[in-house]
Amino acid sequence: MSEKPPPPEQMAARALDAYKKGALPEAIAGFRSAQRAYQDVGDEARADEMANSLCVALLQAGEPQQALEAVRHSPERFLARGDLSHGAQAYGNLAAAQ
């Protein structure tokens, strides 16, 4: 019998903790997993937040092309939801990746 994966919130918290500790490979994997988990439950806003966290971690890891791909469409999605603050942050991440 396979074990049920943790909820997306727990995945995100673990990824953030790994990021804060400087464990970038673990953080990157965690943010990717949390992003997929949020997509699976239909929470696109949180999935986009994870994409932006992933972007930041990838930039720290010296992977600007992957960072760009992670965040490429999230600014528009935040703005379409009326989330100006996250939209602005996403544009900043997009600019940093470029």
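The values are calculated or read from the model by the stated rules, or taken from the named source; none is laboratory data. Because the structure is a prediction, the values reported are computed rather than measured. Backbone-built Cβ (ideal geometry, glycine too); neighbour counts: all protein chains shown. These accessible areas exclude ligands, DNA and RNA; they are computed on the full protein's heavy atoms, side chains included. Shrake-Rupley method; radii C 1.70, N 1.55, O 1.52, S 1.80 Å.
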### Message
Condition (residue is without any contact (Cβ under 8 Å) to a residue 40 or more places away in the chain and open to solvent by 80 Å² or more (accessible area, probe 1.4 Å)) applied to segment 86-97: is it met by at least one residue?
### Response
yes
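So that you can scan it fast, the table gives a plain yes or no per residue for (1) open to solvent by 20 Å² or more (accessible area, probe 1.4 Å); (2) without any contact (Cβ under 8 Å) to a residue 12 or more places away in the chain; (3) under 19 Å from Ala18 (Cα atoms):
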site: Arg36; (1), (2), (3): yes, yes, yes
site: Ala45; (1), (2), (3): yes, no, no
site: Val56; (1), (2), (3): yes, no, yes
site: Ala80; (1), (2), (3): yes, yes, no
### Message
Taking the criterion of being in contact with a Lys or Arg (Cβ under 7 Å, 6 or more places away or on another chain) and either modelled with pLDDT of 95 or more or among the charged types (D, E, K, R) (or both), would at least one residue in segment 54-68 satisfy it?
### Response
yes
### Message
Tell me the residue from Pro64, Pro8, Pro25 that is open to solvent by 70 Å² or more (accessible area, probe 1.4 Å) and touching a residue at least 24 places away in the same chain (Cβ under 8 Å), please.
### Response
Pro25
### Message
Considering only segment 23-43, I want to know if a residue exists there that is of a type in the set (Val, Ile, Thr), at pLDDT 95 or above, out of contact with any Ser or Thr (no Cβ under 7 Å at 6 or more places or on another chain) and over 24 Å from Lys4 (Cβ atoms).
### Response
no
